[in-house]
Amino acid sequence: MATAKAHTNIALVKYWGKKDPKLILPQTDSLSLTLNEFYTTTTVNFKSELDADHVSIDGQLIDKADAKKVIHVLELVRSMSGINSFAEVTSTNHVPTAAGLASSASAFAALAGAASVAAGLHLSRRDLSKLARRGSGSATRSIYGGLVEWQKGVDDASSFAKPIAEDVAFPIEMLAVLINTKKKKVSSRSGMQLSVSTSPYYEAWKKVVARDMTAIKAAIKAKDIDKIGHIAEENALRMHALTLSADPGFTYFNGETLAIIKTVEDLRSHGINCYYTMDAGPNVKVIYDRANRDKIVARLADIIGYDRLVVSQPGPGIKIWNE
Ligand code: DP6
């Protein structure tokens with residue numbers, strides 16, 4: 001039996017499309033910031049008396065269809081370790097689930113960590129990152145803290161995350177604006193697949209990401225928060241252009257998303273630098289230098305209320321322990 005705690009991450013250069021949906025090999029590299037405030041704790045116990053895998057998330061037993069991705073990772077761990085038993089999986093999210101706050105990132109990273117150690121495997125961080133990837137692409141990056149790069153690779157062995165700066169030595173902060181914490185309509189899995197197969201802009205997106213990866217790594221080296229924020233904002237808008245240009249077209253934004261975007265732009269035009277990014281849901285994440293935090297929070301609270309704002313520092317990598 002083992003427990004793992006993994007933090008979620010928000011991509012500054014997004015992963016939006018798979019080359020190999022079965023192995024979850026991405027079309028592009030991506031880069032993220034792991035967040036301190038949002039995490040998942042998961043305990044895995046392989047028990048010989050079980051006749052099936054039992055998965056419970058936030059106190060609710062999940063049926064077999066919904067637990068499919070979890071069972072897939074457990075199957076991989078069984079085949080890697082030679083264990084035949086089914087497992088009891090108990091997971092708690094400290095993240096509003098399925099609202100584009102990337103809970104699958106922390107969830108599958110924690111699952112990979114807990115299941116592998118519970119099965120007696122002692123995987124390197126790199127191998128853990130690959131195992132987490134098989135559950136959900138963004139989980140690849142949640143093995144590490146701080147700023148993390150996922151190198152797309154060409155096969156299972158070469159597609160894993162690498163830390164760029166686990167301890168972020170500059171005052172970057174991220175504010176999550178919780179717009180809708182209800183379950184989203186189009187999963188990232190199907191949304192990105194539709195974008196790859198139908199958006200006429202997909203080839204251009206691959207070029208955008210290659211350029212953004214180089215530029216953001218230079219900005220990180222220079223500790224230039226404005227440049228990092230600007231690249232992240234542009235990259236997010238271009239990712240969302242892939243959803244609008246898919247067939248059928250769709251968007252994760254709602255009216256409140258647009259109102260927050262406008263507020264961030266207004267703050268900026270008044271000399272308070274901050275930048276936005278959005279994932280597969282309506283929530284907005286705002287990137288800024290923490291010196292600007294109070295002004296940004298006060299302005300956004302006027303629009304949406306303090307209780308829907310969560311300030312987060314960069315967070316740590318995965319922790320795993322035997323029970
Ligand atoms: C918009 O990792 O949830 O958050 O690999 O199909 O499980 P699957 O998708 P998922 O997609 C994340 C998409 C994103 C961007 C990102 O995190 O890079």
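The values are calculated or read from the model by the stated rules, or taken from the named source; none is laboratory data. Values in this document were obtained by computation on a predicted structure and should not be read as measured data. Cβ placement follows ideal geometry from the backbone for every residue including glycine, while neighbour counts extend to all protein chains displayed. When the accessible area is computed, the model is the full protein with side chains, heavy atoms only, and any ligands, DNA or RNA have been set aside. Shrake-Rupley method; radii C 1.70, N 1.55, O 1.52, S 1.80 Å.
Counting only heavy atoms of the protein chains and using a 1.4 Å probe, R299 has close to 90 Å² of accessible surface. A viscosity of 0.692 mPa s and a temperature of 37 °C, combined with the Kirkwood radius over C-alpha pairs in the Stokes-Einstein formula, give the chain a diffusion coefficient of 166 µm²/s. Considering helices alone, the calculated mean residue ellipticity of the chain at 222 nm is -12000 deg cm²/dmol, with DSSP H runs of length four and up weighted by -39500 (n - 2.57) and normalised per residue.
With all pairs of separate Cα atoms included, region 2-169 yields a Kirkwood hydrodynamic radius of 15.6 Å. Note on K207: accessible area is roughly 150 Å² with a 1.4 Å probe, heavy atoms of protein only. Along the axis of the charge dipole computed for the chain (Cβ charges of +1 for Lys and Arg, -1 for Asp and Glu, origin at the Cα centre), the listed residues L74, L131, F160 are led at the positive end by F160. Using all pairs of distinct alpha-carbon atoms, the Kirkwood hydrodynamic radius of region 124-196 works out to 14.3 angstrom.
Legend: residues K152, K227, sorted from most to least accessible area (1.4 Å probe; ligands, DNA and RNA excluded), read K227, K152. Sorting the segments 261-273, 237-249 by their mean number of nearby beta carbons within 10 angstrom, highest to lowest, gives 237-249, 261-273. All alpha carbon pair distances within region 208-273 were sorted into 10 Å bins beginning at 0; the resulting P(r) in whole percents reads 18, 39, 34, 8, 0. Highest mobility in the GNM of the chain, judged by mean-square fluctuation with C-alpha springs under 10 Å and restricted to S106, S32, S48, is found for S48. Take the alpha carbon atoms of region 250-271, find their center, do the same for region 163-216, and report the distance between the two centers in whole angstrom. Using only Cα atoms, the two centres lie 17 Å from each other. When a/c reaches 1.5 or more, the comparison of a/b and b/c decides; with that in mind, is region 172-229 rounded, prolate or oblate per its Cα gyration tensor? Since a/c reaches 1.5 but b/c is at least a/b, the shape of region 172-229 is classed as oblate. Would you please classify the overall shape of region 172-312 from the alpha carbon gyration tensor, given that a ≥ b ≥ c denote the square roots of the eigenvalues, rounded means a/c under 1.5, and beyond that prolate means a/b larger than b/c while oblate covers the rest? Here region 172-312 falls in the oblate category. A 1.4 Å probe, protein heavy atoms only, puts the accessible area of K68 near 150 Å².
Our summary of shape: the Cα atoms of region 38-133 have principal axis extents of 36, 31, 18 Å, ordered from largest down, in whole angstrom. The portion of the accessible surface of region 2-169 made up by carbon and sulfur, rounded to a whole percent, is 49 (1.4 Å probe; DNA, RNA and ligands excluded).
Can you give the accessible area per residue of the chain, in Å², using a 1.4 Å probe?
Values: 13600 Å² over 323 residues.
Accessible area per residue, the chain: 42 Å².
Pull up the cross-link candidates among the lysines for K19, meaning alpha carbon to alpha carbon under 26 Å and not fewer than 8 places away within one chain. K19 reaches K68, K69, K130, K152, K162, K184, K185, K206, K207, K217.
What percentage of the solvent-accessible surface of region 172-312, computed with a 1.4 Å probe over protein heavy atoms, is contributed by carbon and sulfur atoms?
Details: 3600 of 6640 Å².
For region 172-312, the apolar C and S fraction of the accessible surface comes to 54 percent.
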